[in-house]
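> One structure, pasted below without further comment.
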């Protein structure tokens, strides 16, 4: 059996998805250890999975919270640059520390999140097999497909292709500090030149939490790329004890609102959502993931929210909800698709604009600006989601795709085959699709 190292950005949502995959590996007799800065250990809650802290000198205990605050609220250009510098510093630290940790732990293979270049770079430099996992939208590039961070829809035209090319150049310029980190570490590890996340992906197997029908039309994904759908544990979700399903009244629509683990402090946006739901006379559950205090919770209830809590059992709530208002985080969107719940996407950062554009492209929801959409505009969009049948029709087919995608068990099958851990020839991995 193999010992896997998991290397991912120090974000709860990424660790949560990869922990589900790790749990599947453990159930098959493998060992799994996450490797990152000390504070990231709080995200690993499965007692069967290990955590190995590195980089305490440059990323000491207690420093992650400030990095997360910057990521959640970058503000203007200077703030955004600080977030990019944080990404570069994390990649530098991991590229410096991973080789020693991998040797100490006796690692056989690496599971590398697409959003952290260090996993692929170090594995390749050490000659270790590695696989890439897209917990967010895939970073794989191809002509005409907008990058995940871009808000554009898909259009098969020369004009659209030029927009994609121009926006990609701007993105690469803005990401310069991170690109230079990737380039410098690739050179130090004796690898071919590269400067982007899309150049640090596995040649053996790449798996994605998306399903093919949700993405824009792809023509150039590698043969070893596999859509496996949401990576979720088969048992009970890891939730605080106070998380529970509210007593939802029959006969009135029920809306769930969540802005994820990083954006839950946005009281003003939640208040506009609450006003919209009060205008429509619908029941609203707000889950702020610990971002609000007790006074803000009471203010949201006065503004129109029926229930306000830190955490909710998301999959169960979405299965009951008539619509969800979301930041368009990948985990929430994929769970909403699985539950056949129409989505009002309010994208804030990271790949959320791209995910929101794909929600609209797939016909399973609508999007609005989190900064400028008034409560009245949100109410109009929610009314459409609650009353128009076209969204439910589109969700029916897409939900079936998610149900058949295989999730963590299929991802583990693909990875085991690609790494020849169970005697399946590498060239037969495609037969798992």
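The values are calculated or read from the model by the stated rules, or taken from the named source; none is laboratory data. These numbers were taken from a predicted model, which means no experiment stands behind them. Every residue, glycine among them, receives a Cβ derived from its backbone with ideal geometry; neighbour counts consider all protein chains shown.
> Kindly provide the set of residues from the stretch 168-180 that are within 22 Å of the chain's Cα centre (by Cα) and surrounded by fewer than 19 Cβ atoms within 10 Å (Cβ to Cβ), ordered by number.
168, 171, 172, 174
> Quick check on residue 145: is it in contact (Cβ under 8 Å) with a residue 24 or more places away in the chain, surrounded by 21 or more Cβ atoms within 10 Å (Cβ to Cβ) and assigned to a loop (DSSP other than H, G, I, E, B)?
Spelling it out, residue 145 is indeed in contact (Cβ under 8 Å) with a residue 24 or more places away in the chain, surrounded by 21 or more Cβ atoms within 10 Å (Cβ to Cβ) and assigned to a loop (DSSP other than H, G, I, E, B).
Table: residues versus (1) outside the structural domain of residue 217 (by TED's automatic domain parsing); (2) within 18 Å of residue 217 (Cα to Cα); (3) in contact (Cβ under 8 Å) with a residue 40 or more places away in the chain; (4) assigned to a helix (DSSP H, G or I).
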| residue | (1), (2), (3), (4) |
| --- | --- |
| 317 | yes, no, yes, yes |
| 325 | yes, no, yes, no |
| 332 | yes, no, yes, yes |
| 335 | yes, no, yes, yes |
| 341 | yes, no, yes, no |
| 350 | yes, no, yes, no |
| 361 | yes, yes, yes, yes |
| 366 | yes, no, no, no |
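> If you don't mind, there's one more thing I want to ask. Can you pull out the residues in the stretch 197-223 that are modelled with pLDDT of 95 or more and farther than 24 Å from residue 331 by Cβ?
199, 203, 204, 222, 223
> Determine, yes or no, whether residue 169 is touching a helix residue (DSSP H, G or I) at 6+ places or on another chain (Cβ under 6 Å) and free of Cβ contacts under 8 Å to residues at least 40 places away in the same chain.
no
> If the requirement is being in a helix (DSSP H, G or I), surrounded by 15 or more Cβ atoms within 10 Å (Cβ to Cβ) and modelled with pLDDT under 95, which of these qualifies: 160, 183?
160
> What number of residues in the stretch 370-416 are buried (at least 17 other Cβ atoms within 10 Å of the Cβ), over 26 Å from residue 304 (Cβ atoms) and without any contact (Cβ under 8 Å) to a residue 40 or more places away in the chain?
Final tally of qualifying residues: 2.
> For the stretch 47-73, give me each residue that is surrounded by 17 or more Cβ atoms within 10 Å (Cβ to Cβ) and either over 18 Å from the mean Cα position of the chain (by Cα) or at positive phi (or both).
Scanning the stretch 47-73 gives 49, 50, 51, 52, 53, 54, 55, 59, 64.
> Looking for whichever is under 18 Å from residue 136 (Cα atoms) and either in contact with a helix residue (DSSP H, G or I) (Cβ under 7 Å, 6 or more places away or on another chain) or modelled with pLDDT of 95 or more (or both) here; the options are 324, 333, 286. Which one fits?
Selected residue: 333, the only one of 324, 333, 286 that is under 18 Å from residue 136 (Cα atoms) and either in contact with a helix residue (DSSP H, G or I) (Cβ under 7 Å, 6 or more places away or on another chain) or modelled with pLDDT of 95 or more (or both).
> Can you pull out the residues in the stretch 108-123 that are closer than 23 Å to residue 1 by Cβ and either at pLDDT below 95 or surrounded by fewer than 24 Cβ atoms within 10 Å (Cβ to Cβ) (or both)?
108, 109
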